[in-house]
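Colleague: One structure, pasted below without further comment.
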Amino acid sequence: MIRRYFLTVCALLMALHTMTASSQTAANATKTEPPKKAGQPVNRSATYNMNFVNPTGTYIMIAKNSDQCMYNAGPADKLLNPGDTWSFGLEDSNNWTGGCTNQLKKVTWDVTVLRTGRPFVCQVSFTEGKAYEHPSDSDPKWYTSMDGCGEVITSATCNGVDCRNKRGFYGTPDSRTIRVTFGGVKDAAQDSPAAADKQ
């Protein structure tokens, strides 16, 4: 009886290990790129530490609308309380099989500022692309930009470079930090999602 139980447990553990290994192999295969010709760089993804900062006294709802050429486009949504920061990771895709090699990588969020009276709604987009930084450049360079919601976003930096509604060029580090700060809307510390719903 004990031997049969032991064999059953071993069989279950082996099956679980096989399933886990198969899943990992499939996940890795998604990011595997074919060999490049001599002199060509191997395509790879880049990761980003995304931060939405709300120093105001107003509640802000952020909901993901769409994305393209992304392995990880972040969480679906978040109610950002007054004084809070929402931090999460992004990972783009430069995979040629998905048509993403050297193409725009993008995530768009719907932003709703739950102020007293009529809520303010807009869209903000993260974009990673290639362009010429200077007219004299021989090759385009990667840049990051945070576009939209100019009325309620006071600043956006990409690895310390200003990228609010403009292209921020800062090289190609393995990981980048993006910081988006809200403001520009009259603070309303007494507001809450429930109060806004009554308007």
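Colleague: Among the residues of region 30-75, count how many are basic (Lys, Arg), over 12 Å from the mean Cα position of the chain (by Cα) and modelled with pLDDT of 50 or more.
Modeller: The number of residues fulfilling the criteria is 1.
Colleague: Pairs needed: first member in region 107-124, under 16 Å from residue 184 (Cα atoms); second member anywhere, open to solvent by 20 Å² or more (accessible area, probe 1.4 Å) and basic (Lys, Arg); C-beta distance under 8 Å; at least 6 residues apart or different chains.
Modeller: 115/186
Colleague: Could I ask something else about it? When you check residue 61 against the structure, is it in contact (Cβ under 8 Å) with a residue 60 or more places away in the chain and under 18 Å from residue 123 (Cβ atoms), yes or no?
Modeller: Yes, satisfied.
Colleague: Let me ask something else. Quick one: in region 162-184, of everything that is outside any loop (DSSP other than H, G, I, E, B) and of a type in the set (D, E, K, R), which residue is farthest from residue 57 (Cα to Cα)?
Modeller: 176
The values are calculated or read from the model by the stated rules, or taken from the named source; none is laboratory data. Source: prediction; values computed, not measured. Cβ: placed from backbone, ideal geometry, glycine included. Neighbour counts: every protein chain shown. For accessibility, only protein heavy atoms count, side chains too; no ligands or nucleic acids. Shrake-Rupley method; radii C 1.70, N 1.55, O 1.52, S 1.80 Å.
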